[in-house]
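Worksheet: one structure, shown below.
The values are calculated or read from the model by the stated rules, or taken from the named source; none is laboratory data. From a predicted model like this one, the values you see are computed outputs, not experimental measurements. Cβ placement follows ideal geometry from the backbone for every residue including glycine, while neighbour counts extend to all protein chains displayed. Quick note on the areas: whole protein, heavy atoms, side chains included, nothing else; ligands and nucleic acids left out. Shrake-Rupley method; radii C 1.70, N 1.55, O 1.52, S 1.80 Å.
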Amino acid sequence: MAVVGVLALQGSFNEHMAALRRLGVKGVEIRKPEQLHTVTSLIIPGGESTTMAKLAEYHNLFPALREFVKMGKPVWGTCAGLIFLANKAIGQKTGGQDLVGGLDCTVHRNFFGSQIQSFEAELSVPQLASQEGGAETFRGVFIRAPAILEAGPEVQVLADYPVSSDRLLNLDTSTGDKKENGEEESKVIVAVRQGNILGTAFHPELTADTRWHSYFLKMSNETGEEVSLSSLVPAQVGTSHYQLTRSDLPIFQ
């Protein structure tokens, strides 16, 4: 039976655990390297990426996390977790942070702005809907969210989001700085898959829609891990979702 680990250093790991329970799947909170040997897949949740990186370094988790990814076991990063899994991150705080890597992309940290600029948006998700059913859209919750600016040829784009020219900022992807003359883009990438790695810039765990979790669980079957698909509770695709208010926003910086 598949056992899903959820990195539980900081951030929205409790919400991921709750989503797994709704699907009838056992989740295990991961805080030490040796615990990774007990799980068949791993979720790296949203949170404050710099703080998570410092805690991961303190607990000597980075070598074990990198090995877990290299072994081909399914790994999903949401928001800060996406930053962790990127091969390159820009727009970081002074001094930067360690990355797990494995996902061939460049991520801009906090691309969508500060805490008070958090928002929800309907995203077109045809691949998700084709596999998991339900609507062709998914309500994305973006909290100080990153965005993928560049992705390699083996990266499958699962969702993107339109941005205006002033939001895009014509960033230099080598530094995160503005360019004087840069070609404008109309969209940024907010959900991807590359082999055993899934990444979302938004927070599916903060909604009532469990299709992303169901999609991730089925990746275990595709990559050779044992998971009983028949035992999964059908994904919830109701229209109710987490309502963002300024008072209940998780503090992600």
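Results, tabulated for the structure shown:
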item	result
Count of region 96-121 residues which are free of Cβ contacts under 8 Å to residues at least 40 places away in the same chain, surrounded by fewer than 16 Cβ atoms within 10 Å (Cβ to Cβ) and not polar (S, T, N, Q)	2
Extreme residue, surrounded by the fewest Cβ atoms within 10 Å (Cβ to Cβ), among residues of region 81-95 that are over 16 Å from GLY5 (Cβ atoms) and among the small types (Gly, Ala, Ser)	GLY95
Of all residues making up region 19-64, the number that are assigned to a loop (DSSP other than H, G, I, E, B) and among the hydroxyl-bearing types (Ser, Thr, Tyr)	1
Sole exception among (1) of a type in the set (A, V, I, L, M, F, W, C); (2) crowded, with 16+ Cβ neighbours inside 10 Å; (3) modelled with pLDDT under 95 for MET1, by number	(2)
Any pair with Cβ under 9 angstrom, 6 or more apart, that starts in region 51-76 at a residue that is open to solvent by 20 Å² or more (accessible area, probe 1.4 Å) and ends at one that is of a type in the set (Val, Ile, Thr) and in a loop (DSSP other than H, G, I, E, B)	ARG66/VAL100; GLY72/THR223; LYS73/VAL39; LYS73/THR40; LYS73/THR223
Residue that is under 19 Å from ASN196 (Cβ atoms) and touching a Gly at 6+ places or on another chain (Cβ under 6 Å), where the choices are PRO74, PRO63, PRO45	PRO45
Residue count, region 65-77 (criterion: of a type in the set (Phe, Trp, Tyr) and either touching a Pro at 6+ places or on another chain (Cβ under 6 Å) or not in a helix (DSSP H, G or I) (or both))	1
Candidate set: region 1-57, residues that are more than 18 Å from the chain's Cα centre (by Cα) and of a type in the set (Gly, Ala, Ser); chosen: the one nearest to GLY77 (Cα to Cα)	ALA2
In region 122-160, the residues that are out of contact with any Ser or Thr (no Cβ under 9 Å at 6 or more places or on another chain) and either at positive phi or open to solvent by 50 Å² or more (accessible area, probe 1.4 Å) (or both)	PRO126, GLN127, SER130, GLY133, GLY134, PRO153, GLU154, GLN156, VAL157
